[in-house]
Amino acid sequence: MGITPEELEVLGLSLKVAFWSVLVSLPVAVAVAYLLARANFPGKTLFDAAVHLPLVLPPVVVGYLLLLLFGKHGPIGSWLDHWFGFTVAFRWTGAALAAAIMGFPLMIRAIRLSFEAIDRKLEAAASTLGAGRIGVFLTVALPLALPGIVTGVLLSFARGLGEFGATITFVSNIPGETRTLPLAIYTYTQTPAGDAQALRLSMIAIVLSLAALFVSEVLVRRATRRIMGHDPEARH
Amino acid sequence: MTLKLDIERRLGAFRLKTAFEAGAGLTALFGRSGAGKTSVVNAIAGILRPDRGRIEINGDAVFDGERGIDVPTPQRRIGYVFQEGRLFPHMNVRQNLRYARLFSRTPEQAGQFERVLELLGLAGLLERRPGNLSGGEKQRVAIGRALLSSPRLLLLDEPLAALDAHRKSEILEYIELMRDEVRIPILYVSHAVEEVVRLADTVVLMSAGEAVACGTAEEIMGRPDLRPTSGTFEGGAVIDAKVVGQDMQYDLATLAFDGGTLMVTNVDALIGEPVRVRIRARDVSIALERPRRISIQNVLGGNIAEVGPDLGGIVDVSITVGSVTLRSRVTQRSAHQLGLAPGLEVYALIKAVSLDRRSTGAG
């Protein structure tokens, strides 16, 4: 009942893709969420809608747009290839990009809410004590938004692990390169006598999701306690 | 050390148009809720931008509408203690107190941290989180945090508003101590007469967005024409006096002021110490001759300066005693029967004296 090397490869690839997608999108998400929570600028509504687009668009459409933009001959893809010799199309990095885009709205939402929940008066107090904009952000806004950031990271990570439509459209289903857990399960369901394999991988996916949920719950609770000086459960 | 301010700002239908100067010691910005007091301190701190005008600290403009000067809040070096404390919930008391050090480029004065801890009694709270502090403790930490930012001016915006009576008197004592020990001018916002009389060297009276009067606590509280504005203040006189004798047997202290002496019970002060007392108009009766065989200890001779307008069957009479003006509230009928008129020589019978302040601080 041990995990086969092939399963291990799928699992490792999925974790790698999800990890990098979160790592790369996190700083951008924090910046955008802060902007949306605090700044008012013309076109904010449109910008907000654009950020949320991956949430409502069919994933296949996102994958196709990524293929158009980042493909070997797409405007961004050819530029990346020309200047940096860097290709994302049909690579695991492309899978990470697709996962990042699909998880972005979820991450933004959680982080933005926690920025919006911060008492602005605390920030005013910080500025009277000598903190400039960046100082206020780093010492007050960011630490107080930590529970929201942890939640956002987890949601986006889970979304990345489960990403299917955009990934298969953008980077195809290449074993060892872009065949993540959902893609592998899909492949087995399309193979005669692949049911047992599909079920085993599904079990792995369930265990993984539960573990992620558990870890996030612990982290959020710890972060909240750190901030408020008491256990959030105590209020319920 | 002076704060000079002359600003205008429109806030919806409300118009703030205030000008005053404050010197060393504690200046109270006094007036009813909605008079614009918090807007004034927010403008000084740079949180509220005036439409026009000028704010100057020590001759140094932090805001000047005409010359386009608007020093950002972090660079103004003004300590601000907010009504609700506003401690950072994710930091313990030590980190809150040390917060300003993160952004300061000047080295800390040796021993300053310890001095503030001692002054405000914070040493035992350092590792606690704001969530586990009482209201009074929170305000003490907030005051300490503002002090440790090495401010040029300290703003306290109704720091006692959220506290119960017991905590209030505790914090008042700390504020008194701070006023006397720390040589930083303080602007203290309050709508409570007792706080203002007890703490203030100078009082700026605000009403409907304007500073309507400015002077010593004695002057402002004593002026009957300001009474509708000073509002909560019950008419009376504020007198600065000095302890000249203590009678242990009767627990009576003799206080001397420019105009005579007062005998007051339960004065917890040493001979020679300055004190401030308040005598309410309704605790003063008037006699045309010095009464004999009477329980009242304090009888002062003086002349009537003014008989006030009819306040519905009662009038307030001003009596000059030395350089001090006492007020007496009597019925219209007794004013007529006694023939009270300016210039008349009378005796003020004082039934109660309340002690407001042990020391007059920087003054």
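The values are calculated or read from the model by the stated rules, or taken from the named source; none is laboratory data. These figures come from a predicted structure and were not determined experimentally. Using ideal geometry, Cβ is built from the backbone for each residue, glycine included, and neighbour counts are taken over all protein chains shown.
Quick notes on this structure:
- Scope region B:44-73; condition more than 14 Å from every other protein chain (Cβ to nearest Cβ) and closer than 17 Å to residue A:127 by Cα; matching residues: B:63
- With respect to the conditions (1) in contact (Cβ under 8 Å) with a residue 40 or more places away in the chain; (2) surrounded by fewer than 19 Cβ atoms within 10 Å (Cβ to Cβ), residue A:110 falls short on a single one, namely (2).
- 3 or more residues more than 27 Å from residue B:103 (Cβ to Cβ) and at pLDDT 90 or above: qualifying helices (runs of 4 or more DSSP H) within region A:106-224: A:146-162, A:165-171, A:181-189
- Close pairs (8 angstrom Cβ cut-off, 6 or more residues apart or separate chains): at the interface with chain A (Cβ under 8 Å from one of its Cβ atoms) in region B:74-88, among the aromatic types (Phe, Trp, Tyr) anywhere: B:74/B:103; B:88/B:99
A quick yes/no check of all residues on (1) out of contact with any Lys or Arg (no Cβ under 8 Å at 6 or more places or on another chain); (2) surrounded by fewer than 17 Cβ atoms within 10 Å (Cβ to Cβ):
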| site | (1), (2) |
| --- | --- |
| B:123 | yes, yes |
| B:141 | yes, no |
| B:147 | yes, no |
| B:154 | yes, no |
| B:164 | yes, yes |
| B:168 | yes, no |
| B:174 | no, no |
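- Taking the listed residues A:206, A:149, A:168, the one that is among the aliphatic types (A, V, I, L, M) and over 23 Å from residue A:104 (Cβ atoms) is A:206, with no other qualifying.
- Selection of region B:65-92 for residues being basic (Lys, Arg) and either closer than 17 Å to residue B:152 by Cα or surrounded by fewer than 17 Cβ atoms within 10 Å (Cβ to Cβ) (or both) yields B:67, B:76, B:77.
- Identity of the residue in region A:119-132, out of contact with any helix residue (DSSP H, G or I) (no Cβ under 7 Å at 6 or more places or on another chain) and within 9 Å of chain B (Cβ to nearest Cβ), that ends up farthest from residue B:141 (Cα to Cα): A:119
- Qualifying residue in region A:91-114 (condition: within 14 Å of another protein chain (Cβ to nearest Cβ) and either closer than 29 Å to residue A:217 by Cα or over 22 Å from the mean Cα position of the chain (by Cα) (or both)): yes
- Residue that is more than 10 Å from chain A (Cβ to nearest Cβ) and buried (at least 16 other Cβ atoms within 10 Å of the Cβ), where the choices are B:133, B:160: B:160
- Criterion: in contact with a helix residue (DSSP H, G or I) (Cβ under 6 Å, 6 or more places away or on another chain) and under 30 Å from residue B:333 (Cα atoms) - qualifying residue of B:236, B:260: B:236
- Once region A:156-209 is narrowed to residues that are charged (D, E, K, R) and surrounded by fewer than 19 Cβ atoms within 10 Å (Cβ to Cβ), the residue that is farthest from residue A:103 (Cα to Cα) is A:195.
- Annotation: residue A:9 fulfils all but one of (1) crowded, with 18+ Cβ neighbours inside 10 Å; (2) within 25 Å of residue A:158 (Cβ to Cβ); the unmet one is (1).
- Any chance residue B:199 is touching an Asp or Glu at 6+ places or on another chain (Cβ under 9 Å) and at pLDDT below 90: yes
- Scanning region B:93-111 for residues that are surrounded by fewer than 19 Cβ atoms within 10 Å (Cβ to Cβ) and facing chain A (nearest Cβ under 8 Å) yields B:102, B:103, B:104.
- Flag if residue B:26 is more than 14 Å from every other protein chain (Cβ to nearest Cβ), at pLDDT 90 or above and surrounded by 18 or more Cβ atoms within 10 Å (Cβ to Cβ): yes
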